[in-house]
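Step one of this worksheet: look at the structure below.
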Amino acid sequence: QVQLVESGGGLVQAGGSLRLSCAASGRTFSLYNMGWFRQAPGKEREFVAAITWSGDYTDYADSVKGRFTISRDNAKNTVYLQMNSLKPEETAVYYCASSSAGLLSATASYGYWGQGTQVTVSS
């Protein structure tokens with residue numbers, strides 16, 4: 001079992017940056033692919049970014065390519081999401097999740113989820 005705890009959310013102005021962290025418990029963190037998703041009020045949860053267990057492959061939603069960067073430190077059991085040039089429409093609760101298999105961008109591929117961290121981007 002994997003427990004995930006996100007941190008780093010907050011209030012930022014449009015064009016600003018935030019770095020989210022997701023700390024995982026358990027000694028098998030390095031075996032999981034990791035993803036970030038977000039959910040705005042009244043909308044479905046959507047894929048943001050993902051990284052394979054080894055860190056050698058990453059995937060991004062088209063809307064964040066070039067602005068967001070996902071990374072991981074397996075020694076620290078932590079995955080990060082660096083978010084630059086944030087937009088007001090990206091206000092949402094951001095979740096990290098772990099996956100043992102399946103399409104990186106698919107919500108159904110992820111079995112464990114954190115509680116989420118709120119990101120609010122003001123205009």
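Using +1 at the C-beta of Lys and Arg and -1 at the C-beta of Asp and Glu, which of Ala101, Tyr60, Leu81 has the Cα lying farthest in the positive direction of the dipole of the chain?
Farthest along the dipole direction, towards plus: Leu81.
Quick one: what are the phi-derived ³J(HN,Hα) couplings along segment 8-14, Karplus 6.51/-1.76/1.60 with θ = phi - 60°, whole Hz, x for glycine and proline?
x, x, x, 9, 9, 6, 3
How about Lys43: which aspartates and glutamates have a C-alpha closer than 15 Å to its C-alpha, ignoring those fewer than 8 places off in the same chain?
Glu89, Glu90
Could you state the accessible area per residue of the chain in Å², with a 1.4 Å probe and every protein chain left in place? Present the calculation step by step, with values, prior to reporting the outcome.
Values: 6210 Å² over 123 residues.
Ligands and nucleic acids excluded, the figure is 51 Å² per residue.
Can you compute the modelled spin-label distance between Leu31 and Lys43, with each label point 7 Å from Cα toward Cβ, in nm?
3.5
Can you give the accessible area of Leu18 in Å² (nearest 10), computed on protein heavy atoms with a 1.4 Å probe?
30
Return a whole-number percent for the relative contact order of the chain, with Cα pairs under 8 Å and 6 or more residues apart as the contact set.
Working: 309 pairs, mean separation 43.5, N = 123.
Here the relative contact order equals 35 percent.
Find the centroid of the Cα atoms in segment 107-123 and in segment 30-68, then give the distance between the two in whole Å.
Here the two parts' Cα centres lie 10 Å apart.
Tell me, what % of the accessible area of the chain is carbon and sulfur with a 1.4 angstrom probe? Spell out each step's value before the answer.
Details: 3000 of 6210 Å².
Answer for the chain: carbon and sulfur cover 48 percent of the accessible area.
The values are calculated or read from the model by the stated rules, or taken from the named source; none is laboratory data. As the structure is a computational prediction, the values presented were derived from the model and not from experiment. Note that each Cβ is placed from the backbone with ideal geometry, even for glycine, and that neighbours are counted across all protein chains shown. SASA here: full protein model, heavy atoms, side chains in, ligands and nucleic acids out. Shrake-Rupley method; radii C 1.70, N 1.55, O 1.52, S 1.80 Å.
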